[in-house]
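The structure under discussion appears below in the form of structure tokens.
The values are calculated or read from the model by the stated rules, or taken from the named source; none is laboratory data. Everything numeric in this text was worked out from a predicted model, so none of it was measured. Please note: Cβ atoms are built from the backbone with ideal geometry, for glycine as well, and neighbour counts cover all protein chains shown.
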Amino acid sequence: MSDEDRKSIVEYRLNKAKETFAELPILMENNLWRNAANRLYYACFYAASALLMSDRRQAHSHNGIKSVLSAYYNNEGKIDKYLIKTYGKLFNMRQRGDYEDWAILEEDDITPLIEPAKRFIAEIERLISVGLVQEE
């Protein structure tokens, strides 16, 4: 893949993260907490996948991205551990909301994670903008 293609994909994924995050107020206004959990997770997922693309790292699943974030970006101190933990919480919450029958997610489950998720996305944008990329 060319550097230009990689850059385009990274930009696309970051924009997708921001657009997905922007859906939250509509869902919250309508008390759609399961859907809000889903969109909050996916906003962070798209940002995380942009980071991996920018850094020429691969993960082939949601769990894979979570593992790479933990193994490389957390253990190497490249992303605040609290933000990595937030991503893990969002991953688990989205799993519950999407796949568990009768899963109940409420405002109190979602609202404490909004600001950390926003910081997670901003931190990834910062890392990409300063060129945190692995040398080939």
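Among the residues of segment 3-44, how many are outside any helix (DSSP H, G or I) and exposed (fewer than 13 other Cβ atoms within 10 Å of the Cβ)? Break it down stepwise before answering.
Restricting attention to segment 3-44, the residues satisfying the condition of being outside any helix (DSSP H, G or I) are 23, 30-32.
Imposing the further condition that a residue be exposed (fewer than 13 other Cβ atoms within 10 Å of the Cβ) reduces the set to 30-31.
Matching residues across segment 3-44 total 2.
For segment 87-103, does any single residue satisfy the condition of being among the aliphatic types (A, V, I, L, M), surrounded by 15 or more Cβ atoms within 10 Å (Cβ to Cβ) and touching a residue at least 60 places away in the same chain (Cβ under 8 Å)?
Within segment 87-103, the first condition is being among the aliphatic types (A, V, I, L, M), and the residues that meet it are 90, 93, 103.
The next check asks that each one be surrounded by 15 or more Cβ atoms within 10 Å (Cβ to Cβ); those that pass are 90, 93.
Now restrict to residues that are touching a residue at least 60 places away in the same chain (Cβ under 8 Å): none.
No: segment 87-103 contains no residue that is among the aliphatic types (A, V, I, L, M), surrounded by 15 or more Cβ atoms within 10 Å (Cβ to Cβ) and touching a residue at least 60 places away in the same chain (Cβ under 8 Å).
How many residues, within segment 89-110, are under 17 Å from residue 39 (Cβ atoms) and not in a loop (DSSP other than H, G, I, E, B)? Lay out the reasoning, then the answer.
Taking segment 89-110 as the starting set, the residues that turn out to be under 17 Å from residue 39 (Cβ atoms) are 89-99, 103, 105-107, 109-110.
Pick out the ones that are also not in a loop (DSSP other than H, G, I, E, B) and you get 89-99, 107, 109-110.
Final tally of qualifying residues: 14.
Exactly one of (1) at pLDDT below 95; (2) in contact with a Phe, Trp or Tyr (Cβ under 7 Å, 6 or more places away or on another chain) is unmet by residue 6. Its number?
That leaves (2) as the condition not met.
Is it true that some residue in segment 54-71 is surrounded by 20 or more Cβ atoms within 10 Å (Cβ to Cβ), without any contact (Cβ under 8 Å) to a residue 60 or more places away in the chain and either more than 24 Å from residue 98 (Cβ to Cβ) or among the aromatic types (Phe, Trp, Tyr) (or both)?
No, segment 54-71 has no match at all.
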